[in-house]
Structures are given as structure tokens and as C-alpha cells.
1. Would you mind telling me which residue in LYS111, LYS180, LYS169 has the biggest mean-square fluctuation in a Gaussian network model of the chain, where springs connect alpha carbons within a distance under 10 angstrom?
2. Assigning unit charges at the beta carbon (Lys, Arg +1; Asp, Glu -1) and nothing else, what dipole magnitude in debye, to the nearest 20, does segment 251-307 show about its Cα centre?
3. Would you mind checking which residues have amide H under 5 Å from ARG138's amide H? H placed 1.01 Å from N; only 5 or more apart, or other chain.
4. For every other residue with a beta carbon closer than 15 angstrom to the beta carbon of ALA179, add +1 if it is Lys or Arg and -1 if Asp or Glu, then tell me the sum.
5. Let me know the charge dipole size of segment 1-155 about its Cα centre in debye, to the nearest 20, where only the beta-carbon of Lys, Arg (+1) and Asp, Glu (-1) is charged.
6. Which residue, GLY55, GLY178, GLY126, tops the fluctuation ranking in a GNM of the chain built on C-alpha contacts under 10 Å?
7. Most mobile of ARG57, ARG232, ARG156 per a Gaussian network model of the chain (Cα springs, under 10 Å)?
8. Counting every Cα pair in the chain, what percent are over 33 Å apart?
Amino acid sequence: MNPHLLDVLRRLSHEEFLSGQDIARSLGLSRASVHNAVRDAEQHGLRLQAVRGRGYRLPRPVDWLDPAPLRALGFHPHLLDCVDSSNAQLLREAQAGAPHKSLLAAEWQEKGRGRRGRSWLGGLGGGLTFSLLWRFQRSTGELSGLSLAVGVALARSLHDQGLADAGLKWPNDVLVQGAKLAGVLIELSGEMSGPSAAVIGIGVNVAGAAELRAAVEQPVTDLSEHLPRPSRNRLLLDLAARLAELLERFDAEGFEPLRGEWERLHVHQNRRVTLLTGHGEPIRGEALGVDAQGALLLGVDGAIRRFHSGEVSLRGEA
Ligand code: BTN
């Protein structure tokens with residue numbers, strides 16, 4: 001990424017044009033550097049409006065991330081304009097002793113990671129991508145319902161934003177009317193027995209889903225398609241608060257108290273589904289719910305079978 005790109009973009013607004021010369025002067029750069037940075041924006045999924053003689057303008061309003069207000073909630077936030085993956089970076093920081101509740105937000109990920117070896121894409125200024133380090137009293141072996149608890153926190157926060165029909169697909173994809181709005185990737189570090197640490201990575205499409213559709217196979221949506229004025233910073237603050245509330249509870253009581261709420265949020269609850277396990281034939285059955293460890297309970301030929309997080313993906317049947 002061009003080293004001046006974010007500095008240039010932060011100068012721009014959606015309402016007024018700003019000339020290349022004014023941007024260059026305010027940043028102490030040459031006009032050519034500004035021009036190069038602007039060209040680089042397009043490579044990162046943000047096509048600026050450029051009018052000869054007037055300058056540049058953002059194609060839509062963008063609230064650039066400012067995680068500093070999270071300090072008041074006891075987090076240790078920092079922001080990187082560009083990183084390989086916020087999860088990968090925070091895992092490295094966790095190894096080096098980063099404190100509980102470290103939160104790393106990123107404006108751009110070069111190699112955003114998704115579940116099951118997939119990648120996570122987002123246009124510049126369009127997504128909210130961050131990772132949270134949570135140090136648990138429980139061992140890693142007792143964290144199996146964690147990803148579902150995080151899904152509940154996400155759903156609650158999206159409901160707070162006014163998105164009443166945000167639902168979950170096991171284990172923790174967030175869907176709105178069948179299209180993916182957000183995803184969670186949890187990576188653990190720590191011993192099977194002692195206290196453990198989890199890096200909880202969250203990606204939410206806030207704007208720019210139209211551009212993502214060309215690159216992503218499954219249906220995708222973003223907050224701007226459902227809400228009049230979504231804000232990444234408002235969502236980050238609210239979501240972090242929701243996460244803290246549920247993670248504290250999860251550490252003390254596990255997933256069981258959240259199980260009923262999770263099942264009410266499950267878009268496939270009591271529906272016929274197909275599980276793709278990645279090995280062997282797809283498994284057809286009825287999604288009956290989840291157990292206290294977050295495993296999916298599937299009714300297959302009169303028996304109940306359990307599937308653990310990470311093993312399967314799930315498609316609703318027509
Ligand atoms: C999925 O649905 O496959 C999970 C997507 C998780 C994406 C987030 S974006 C922030 C964090 N850093 C990453 O590299 N991935 C997660």
C-alpha cells in the first residue's frame with residue numbers, strides 16, 4: 001500500500017472537492033505523490049471522484065477508524081493503517097505479552113484470514129476489521145462454545161444499530177436475508193490445561209458490498225444496504241462493549257446460559273440443512289439446536305448427531 005494513501009484519504013470528504021495541490025501542501029508532499037496515492041486507492045477498492053480543476057472527493061462518507069474511545073471501557077486499543085492480518089499481528093503481540101483486552105483495528109489487511117483457510121476481503125473504508133485479545137481463566141479445552149458466544153455478541157450489537165433481522169448461521173456467520181454481513185475467526189494460543197488466550201477476529205461489511213460481489217462466491221451484504229447512516233466507529237464501540245459483557249460471562253459460566261438466545265438467532269433452526277464436512281458425502285438432516293459446548297445437533301434418520309465447530313459448513317435446503 002502506498003505509504004501516503006491513508007493520510008491523503010483522511011483529508012478528503014464526501015461533500016466537497018479538494019485539489020491535489022491543497023492536499024499536497026497540507027501534507028508536505030509533492031503533487032505527484034498525492035496523485036500516486038489517489039491511484040492506489042482504486043487498487044484497494046475505493047474509487048475516488050476526480051474532476052479536473054476541482055480535485056478529489058470520496059465516493060461515499062467514510063468515518064476513518066478511531067479506536068481511542070475504547071480506552072474508557074478498559075481496552076488497550078491501537079490502529080494500523082495496513083497489516084497482513086489483524087489476527088496474525090495480534091497473535092504475535094500476544095506471544096510477546098500483550099495485555100488482556102488488547103484490541104487491534106486495521107484500515108486495510110493485505111492477507112485477511114477467514115475460516116477454513118479462506119481469505120477475508122474488504123474494500124478500503126468499507127469494512128470494520130479488528131481483533132481482540134482475551135485472556136481467559138479457562139483452558140483452551142473449555143473454549144469450545146466461544147465462537148458461538150461471540151456470534152451472539154455480534155448479533156446483539158447489530159440489533160443495537162437497528163438491524164433487527166441480523167441472524168446467525170452455525171457456528172457464527174452473521175446473515176441478513178440470506179446474505180453474509182459479518183464473520184468471526186478465533187485463533188487460540190495457550191496450553192490445553194492452564195489459562196488460555198484467544199484472538200477474536202471480526203470482519204463486518206459496513207459499505208461496499210456491491211464491489212465485493214464480483215470477488216466473493218456467496219451472497220454478501222453490508223450495513224449501508226439496511227441502515228441509513230451506518231458508522232464504523234459507533235459499531236466498533238458498541239460491539240467491543242457487547243463482547244466484553246459476553247466474554248466475561250462466558251469465562252465464568254460457559255456457553256450454556258447463551259444457548260437459548262443463540263438458537264433463537266439461528267436462521268436454520270428446526271430447518272432441513274445439508275452439512276458439507278469437507279470429507280465424505282454431504283450429510284442431510286434437521287438443525288435441532290446446539291449443545292452446551294456449541295456443537296451443532298443434527299437430526300439424521302431418527303438419531304441425533306453432533307458436529308463440532310470447524311468441521312462443517314452448513315447450507316439451508318430449498
Ligand atoms: C469468516 O467468516 O470466514 C471469518 C472472517 C474473519 C475476518 C476477520 S477481519 C479481522 C480479523 N483478521 C483476520 O485476518 N481475519 C479476521
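The values are calculated or read from the model by the stated rules, or taken from the named source; none is laboratory data. As the structure is a prediction and not an experimental result, all values here were calculated from the model. Here the Cβ is made from the backbone with ideal geometry for all residues, glycine too, and neighbour counts use every protein chain on show. For accessibility, only protein heavy atoms count, side chains too; no ligands or nucleic acids. Shrake-Rupley method; radii C 1.70, N 1.55, O 1.52, S 1.80 Å.
1. Comparing LYS111, LYS180, LYS169 in the GNM, the peak value goes to LYS111.
2. 300 debye
3. Here the answer is SER196, since their amide H atoms fall under 5 Å of that of ARG138.
4. -2
5. Values: 20 positive and 14 negative charges, 53 e Å.
Once rounded to the nearest 20, the dipole reads 260 debye.
6. Evaluated over the chain, the most mobile residue of the options is GLY55.
7. Highest fluctuation among the options: ARG57.
8. 29 percent
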